[in-house]
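Visitor: After the structure tokens below, expect a handful of questions from me.
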Ligand code: ADP
Ligand code: ZN
Ligand code: ZN
């Protein structure tokens, strides 16, 4: 007899360990760890999805065990490595195993549940009867039942008046198409067997003869070539065509890529490549920090090290921030490695993602390029893991499980004995400090390719620009824009705020239109003609009068990308301007289209939010303008300067990447801020030293580790009370050297009708910390029914 240990899809602490199920005889041979199964769970034996993590043979009878109901997969979807990783992740991020397991798979592999109730007799309760008529199956989640009604339903079920059935739907499906294979070898014989008046059949035969291929897609024969379906069917019947179902890949192999050969490396590149290749060959999990200025050819280093891994029969995983995963970046990898590449990004539809994932799982893909979640790609012979733009905040998952991609990458590298390469022009302070200590090997690319200079950067003090033509474009920036337009060069402008105006103010009563659910003002969007909340998505009409005093004296303040484009269009009417932000790139393919037009110089100016700062490599861009360098500096987060320095350096790096020299203009109200000064001088080293001193003084990472605890509740008082209670408990338990900050209300204290309080733990070494946090995790579980939530975020990336 065989028993399967199963982690079930019921995210609670009680179910955070495996449950034992008997395997029915007919399923026994098949069962293996990593497979998804359907199992009965709980009192009512409702059916849920689960993952087998172990199969054991037992001789003793185990009558108390429930039985596995069925499989969702033919083969294991998770490898032994990933099962182990999930376990580690659950422990280190204080999350449930099932959340970790599901995070590793494409969304469609999370099963869909249905609970269907059917009344076996006419129900006496009038209201309930109208919702559950006799003999009509009703999906319970689709109907509104009061809690009392729900209890009644359970009772009726026990009495036999109702039947409840559970369904678990596997949503993951390959797309199959009908293909016909030509079986005819002797066309003359077949022709002689057709009747003279069977014109449709003769047409089909002629078509098969003319097209000398063996396989035809049925749909193409009928719809495109206009052949008759019944003729096809009769050919199948007579054995002249063989019908078969074949999988069609949904993730499109867009175009044929022109193959691109490896470039001759510069001596700095060569040094880096040699060191990394040696680690691949020696199979050591050594971390490298590749610090290279923008345009120094880091990508070429990645490509040539990947090449080495492939030569050794190994595979490669290359991670990039979501917004840097542009069609440009994808093309560069595909040009080098062709169809061996699988790409995973959020722009893919669910089915497409599933298909790409299966190409990885079944070994067809050797190189995977993707954003954060691709770190779980089921590659089994990893030879190298690369994190491009390693400092990027998007590598940290903000929801459960709150993992840091970098840590997962290191875990996998240790498992596979392969190197990790962290690449950046502006490494995170944490990574750079580790390189300083020798824990990572530092590799440097200090100059741009072809000795091209880094762009000249000018800082414009906006406090002295009172006479500026508009509040947004200073005289020097406008002049430079006009110059570049005249010489047919291109321009990238950064404004880190979307929408039109960031708030509405009544001049008479001072009323500011706020989101009803959050403590934040609404932003005006002209394209949708609405006021939007950027936190909860709330939307309402643009008011014509003040909602408070009905005055007409309402004004709009603050500038977003929409307004900037409008202003710019009046200042330089001859320019062709494209806007690139969340709103203009939401539609599938729209980002690619904006970039294609810019690349072919059909637009002159690309104005956008921070998504324009990364990865773009357009040779004709010679001017980069930053409209408001200060937005990030104002944030109450100890990383505010680091983020600002990074953003400015990255966006400046878009200018002058080819022969023509680049120019950068930064507009700011804080011209003397060190983040802006050092960004102007492209001086990462000095920024690093300066910032390290400040972190040392204030006791922040990399000198301390941090954990963020956030409590949220529908009432501010509840959230505060619990936060203070946690603070007291931790104070009593943790080491004397550990520092607790707060609790304080979060900077935006209310989001989506819930109040947030947060508590920061700073520590160097605290042997009691893990147990204390586990205890809080348990507590969180116990109180979750009351509507109060606690989130534990180890090494948080945002303190907002
Ligand atoms: P980074 O990723 O460091 O910003 P890229 O890899 O985008 O830099 O390189 C900048 C440009 O230089 C790209 O157009 C790339 O094709 C080119 N390049 C990189 N390495 C070489 C080389 N060894 N010889 C010639 N051109 C190169
Ligand atoms: Zn008013
Ligand atoms: Zn809101």
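Visitor: Two-decimal Rg/Rh of the range 2-109 from alpha-carbon positions, Kirkwood Rh?
Guide: Looking at the range 2-109, the ratio lands at 0.95.
Visitor: Arrange the peptides 493-505, 225-237 so that the one whose residues have, on average, the most other Cβ atoms within 10 Å appears first.
Guide: 493-505, 225-237
Visitor: Okay, moving on. Measure out, as a whole number of angstrom, how far apart the alpha-carbon centroids of the range 23-64 and the range 260-291 sit.
Guide: 47 Å
Visitor: Hey, how many Å between the Cα centroid of the range 103-147 and the Cα centroid of the range 451-520?
Guide: Using only Cα atoms, the two centres lie 53 Å from each other.
Visitor: Based on the alpha-carbon gyration tensor of the range 536-684 and its eigenvalue square roots a ≥ b ≥ c, which shape applies: rounded if a/c is under 1.5, prolate if not and a/b is larger than b/c, or oblate?
Guide: Here the range 536-684 falls in the oblate category.
Visitor: Report the rotationally averaged projected area of the range 421-533 based on its alpha-carbon convex hull, in square nanometres.
Guide: 14.1 nm²
Visitor: Translational diffusion coefficient, Stokes-Einstein: compute it for the range 705-794 using the Kirkwood radius over C-alpha pairs as Rh, at 4 °C and 1.567 mPa s, and state it as an integer in µm² s⁻¹.
Guide: 99 µm²/s
Visitor: Could you put 384, 761 in order, starting from the residue whose Cβ has the fewest other Cβ atoms within 10 Å?
Guide: 761, 384
Visitor: Could you list, bin by bin from short to long, the percent of Cα-Cα pairs of the range 112-169 in 10 Å steps?
Guide: All Cα pairs considered, the percentages come to 24, 62, 13, 1.
Visitor: Can you pull the semi-axes for the range 342-394, root of five times each eigenvalue of the Cα gyration tensor, sorted largest first, whole Å?
Guide: Semi-axes (√(5λ), whole Å): 19, 16, 7.
Visitor: Sorted by average packing, counted as other Cβ atoms within 10 angstrom per residue and highest first, what order do 417-430, 780-793, 711-724 take?
Guide: In decreasing order of mean packing, 417-430, 780-793, 711-724 become 417-430, 711-724, 780-793.
Visitor: Give the percent of DSSP beta bridges with both residues in the chain that are antiparallel, rounded to the nearest 5.
Guide: 60 percent
Visitor: While we're on this one: For the range 423-467, compute the orientation-averaged projected area of the C-alpha convex hull (one quarter of its surface), in nm².
Guide: Value for the range 423-467: 5.6 nm².
Visitor: Is the shape of the range 290-356 rounded, prolate or oblate, going by the alpha carbon gyration tensor and its root eigenvalues a ≥ b ≥ c, with a/c under 1.5 for rounded and a/b larger than b/c for prolate?
Guide: Taking the square roots of the gyration eigenvalues as a ≥ b ≥ c, the range 290-356 is oblate.
Visitor: Which of the peptides 299-306, 699-706, 648-655, 558-565 is most tightly packed, and how do the rest follow, going by the mean number of other Cβ atoms within 10 Å of each residue?
Guide: Ranking, from highest mean packing down: 648-655, 299-306, 558-565, 699-706.
Visitor: Is the shape of the range 267-445 rounded, prolate or oblate, going by the alpha carbon gyration tensor and its root eigenvalues a ≥ b ≥ c, with a/c under 1.5 for rounded and a/b larger than b/c for prolate?
Guide: Rounded, because the longest to shortest axis ratio a/c is under 1.5.
Visitor: How long are the semi-axes of the equivalent ellipsoid of the range 176-247, defined as square roots of 5 times the Cα gyration tensor eigenvalues? Whole Å, largest first.
Guide: 19, 13, 11
Visitor: Give the Debye-formula value of log10 I(q)/I(0) at each listed q (0.06, 0.07 Å⁻¹), with one equal scatterer per alpha carbon of the chain, two decimals each.
Guide: Calculated log10 I(q)/I(0) at the listed q: -0.50, -0.68.
Every read-out reported here was derived from the displayed coordinates using simple, explicitly stated rules and does not represent laboratory data. Please read these numbers as outputs of a predicted model, since none were measured by experiment. As a convention, Cβ positions derive from the backbone with ideal geometry for all residues, glycine included, and neighbour counts pool all protein chains shown.
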